[in-house]
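First up is the structure itself, then whatever we jot down about it.
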Amino acid sequence: MPAIRGEQVAAIAVTEPGAGSDVAGIKTRAVRDGDHWVINGSKMFITNTANADWLCLLAVTDPNAGYNGYTQIIVPTDTPGFSYRLLDKIGNRGSDTGLLFFDDVRVPVSNTIGDANRGFQQQMNQFQDERMVPVVTGPVSARRLWELTLEHAQQRVAFGKPLAKMQVNRFKLVEMMIQITAAQELAHRCIRKMVAGEDVTLDVSMAKVFIANMKQYVATTCVQLFGGSGYIWENPAARAYVDWRLGTIGGGADEVMKEVVARILRI
Ligand SMILES: Cc1cc2nc3c(=O)[nH]c(=O)nc-3n(C[C@H](O)[C@H](O)[C@H](O)COP(=O)(O)OP(=O)(O)OC[C@H]3O[C@@H](n4cnc5c(N)ncnc54)[C@H](O)[C@@H]3O)c2cc1C
């Protein structure tokens, strides 16, 4: 696969203007015409919009079949009828995110990923892998920001002593490290289970919620410890403050994750 070899950029095109958390509510249609799918509709908030060579698109292929009526289709972004508009995000500005339009986009039926009409189930499985990304990387980036903040708190002197020597700030640093360490252990638990081939749906859903909230707490606390310099773009705490805000929304909002956990725990 060129994308796995790092030769091509892919995008996951699931969310639509009218359906995000409720994936089953998507409306983009792919209709079979001989050996081709003909695609019409739109997608929203898609990462890699401008840079993607191809999309992994989820479309409705049988509107009467419920969860068995969706298909994942590879759509090269140079296909006629495809266009996009970029969106102006508050954070994560190093990546592009946009609105996609499909106007009679024709791709061969051989571009179908996996089985036709099993796309919803395949997409849900893919989301588990996707959610592992913030779970694995989150504690690492939070720890790095903590280290930078500790360094600052040990060097910055106010009222005759370093910030870190004031108990209220020392406790903030300790409380953050407790959360980061707990997050790291949750991440390790998910990794161990995934490597062992176990179902990680419960663990990764819980970990995603915990780690996204931990990061937002760490980011806002670090901004506070940096003071005015924490409110300046060049400070990593400022970047983290806006970038990490996405964590409780993207790739499955906290509330959606909690519904998944509740369902598994039969609550
Ligand atoms: C920067 C960025 C990048 C993204 N990249 C991609 C991408 O590459 N591909 C892609 O397909 N999508 C992408 N998304 C979309 C993202 O996954 C959705 O924004 C997210 O799933 C939420 O969907 P929504 O925005 O439609 O919000 P909605 O579904 O309208 O939900 C709004 C809010 O309602 C609440 N809510 C939702 N459901 C429930 C519930 N059951 N119970 C209680 N409260 C609930 C939550 O607080 C939620 O945040 C991206 C979004 C952003 C902002």
Counting just the residues of segment 34-51 that are in a loop (DSSP other than H, G, I, E, B) and of a type in the set (Gly, Ala, Ser), which one comes out nearest to GLY81 (Cα to Cα)? ALA50
Give the residues of segment 186-241 that are charged (D, E, K, R) and either modelled with pLDDT under 95 or more than 20 Å from the chain's Cα centre (by Cα) (or both), sorted by residue number. ARG192, LYS193, GLU198, ASP199, GLU234
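Out of the residues in segment 213-267 meeting the condition of being assigned to a loop (DSSP other than H, G, I, E, B) and farther than 18 Å from GLY138 by Cβ, tell me which one is nearest to the ligand (Cβ to nearest atom). Show your work before the answer.
Restricting attention to segment 213-267, the residues satisfying the condition of being assigned to a loop (DSSP other than H, G, I, E, B) are 232-235, 249-253, 265-267.
Now drop any that are not farther than 18 Å from GLY138 by Cβ, which leaves 232-235, 265-267.
On the way: ILE232: 23, TRP233: 18, GLU234: 22, ASN235: 21, LEU265: 16, ARG266: 17, ILE267: 14 Å.
Looking at the filtered set, the residue picked out is ILE267.
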Here are some residues: ALA237, ALA196, ALA187. Which one is among the small types (Gly, Ala, Ser), over 14 Å from LEU145 (Cβ atoms) and surrounded by 14 or more Cβ atoms within 10 Å (Cβ to Cβ)? ALA187
Give me a count of the residues in segment 42-77 that are more than 16 Å from the ligand (Cβ to nearest atom) and surrounded by fewer than 19 Cβ atoms within 10 Å (Cβ to Cβ). 9
What residue, of ALA262, ALA187, is out of contact with any Asp or Glu (no Cβ under 9 Å at 6 or more places or on another chain) and either farther than 23 Å from ALA24 by Cα or in contact (Cβ under 8 Å) with a residue 12 or more places away in the chain (or both)? ALA187
For segment 1-22, give me each residue that is within 11 Å of the ligand (Cβ to nearest atom) and either free of Cβ contacts under 8 Å to residues at least 12 places away in the same chain or at positive phi (or both). GLY18, ALA19, ASP22
Specify the residue that is surrounded by the fewest Cβ atoms within 10 Å (Cβ to Cβ); the eligible residues are those in segment 23-33 that are without any contact (Cβ under 8 Å) to a residue 40 or more places away in the chain and more than 17 Å from GLY81 (Cα to Cα). GLY25
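The values are calculated or read from the model by the stated rules, or taken from the named source; none is laboratory data. The shown structure was predicted, so the numbers you read here are calculated from the model rather than taken from an experiment. Positions of Cβ are generated from backbone atoms using ideal geometry, with glycine treated the same way; all protein chains shown enter the neighbour counts.
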